[in-house]
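Take a look at the structure below.
The values are calculated or read from the model by the stated rules, or taken from the named source; none is laboratory data. Not measured: the values here are computed from a predicted model. As a convention, Cβ positions derive from the backbone with ideal geometry for all residues, glycine included, and neighbour counts pool all protein chains shown. Calculation scope for accessible area: heavy atoms of the full protein, side chains included, ligands and nucleic acids excluded. Shrake-Rupley method; radii C 1.70, N 1.55, O 1.52, S 1.80 Å.
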Amino acid sequence: MKFSLLFLWLFMSLSNASDANSLLFHGNCTTCHFETKSVSAPSMMEVRKRYLSAFPQKKDFVKQMAQWVQQPNETTSIMQDAINKYELMPNLAFEKDVLEDIASYIYETDFK
Ligand code: HEC
C-alpha cells in the first residue's frame, strides 16, 4: 500500500516537465535560497526580480542564470550588494542542462 502511494507520487511528480524542474530547484537551491525569505542567501523571489529586470526575455534570463550559477563570479554578478552581504555563492559544480531547467522553472514561478 505504502509502496503504491510512493509510486503514484513519483509518477505524478515526474510526469510533467515543470514538476520535475520544481524538484530540481527544491533539491538543489532552497537549502540556501528560501523562496521568499532572505537568510543565508537572498530569497529566490529577490534573485528572480533582479534577473527579470536585467533579462526580461526568458531566453536571456535562462542563459545568463545558468551560466552564472555554473561559475559564480564577482565581476559578472548583477547582485554585488548580495555578495557584500553574504559572500560570493560557492561553485557547486552543477550540470549546465540541469541549471537551464532550474532557471526556466524560476522564470516561470511567481514566488510569494
Ligand atoms: C550553499 C548556498 C547556496 C546554494 C546551494 C545556492 N546558492 Fe545561489 N547564492 C548563494 C549566495 C550566498 C548568493 C549571494 C551572493 C552572490 O550573488 O554571489 C547567491 C546568489 C545567487 C544568484 C545571484 C547571482 C548574481 O548575479 O550575483 C543566483 C542567480 C543564484 N544564487 C542562483 C542559484 C541557483 C539556481 C541555485 C540552485 C541550483 C543556487 N543559487 C544554490 C548561495 C547559494
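Over the chain, with every protein chain in place, what whole percent of the accessible area is carbon and sulfur at 1.4 Å, could you tell me? Don't jump to the answer; show the numbers that get you there.
Working: 4370 of 7540 Å².
Roughly 58 percent of what the probe reaches on the chain is carbon or sulfur.
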Which parts of region 81-98 would a label at Glu35 reach, counting a residue when its backbone N lies under 15 Å from a point 7 Å out along Cα-to-Cβ? none
Per residue accessible area in Å² of the chain, where ligands, DNA and RNA are left out and the probe is 1.4 Å: 67
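Using DSSP to call loops (not H, G, I, E or B), can you name the GluC sites (Glu not before Pro) in region 30-112 whose Cβ has at most 12 other Cβ atoms within 10 angstrom?
Details: sites: Glu35, Glu46, Glu74, Glu87, Glu95, Glu100, Glu108; in loops: Glu35, Glu74, Glu87, Glu95.
In loop regions of region 30-112 (DSSP not H, G, I, E or B), the sparsely surrounded GluC sites (Glu not before Pro) are Glu74, Glu87, Glu95.
If you average the sequence gap of Cα pairs under 8 Å that are 6 or more apart and divide by the length of region 22-112, what percent do you get for the contact order?
On the way: 90 pairs, mean separation 31.2, N = 91.
Relative CO of region 22-112 lands at 34 percent.
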Over 19 Å between C-alpha atoms is what I'm after, so list which of Lys59/Lys96; Lys37/Lys112; Lys59/Lys85 land there. Lys59/Lys85
What net charge is computed for the residues neighbouring Glu46, neighbours being all others with C-beta under 14 Å from the C-beta of Glu46, Lys and Arg scored +1, Asp and Glu -1? +3
Quote the charge dipole size of region 16-108 about the Cα centre in Debye, to the nearest 20; the model charges only the Cβ of Lys and Arg (+1) and of Asp and Glu (-1). 240
Just to check I understand the Karplus step: with θ = phi - 60° and J = 6.51 cos²θ - 1.76 cosθ + 1.60, what whole-Hz values come out for region 103-112, glycine and proline as x? 4, 5, 4, 5, 4, 7, 9, 8, 5, 6
Excluding residues fewer than 8 places away in the same chain, name every one of the aspartates and glutamates whose C-alpha is closer than 15 Å to that of Lys58. Glu100, Asp101, Glu108, Asp110
Histogram of C-alpha separations across the chain, 5 Å bin width, %: 2, 12, 20, 25, 19, 9, 6, 4, 2, 1, 0
Residue separation times 0.36 nm, minus the C-alpha to C-alpha distance between Glu74 and Glu108: what's the value? 9.6 nm
With Asp101 itself left out, Lys, Arg at +1 and Asp, Glu at -1 over residues whose Cβ is under 15 Å from its Cβ give -1
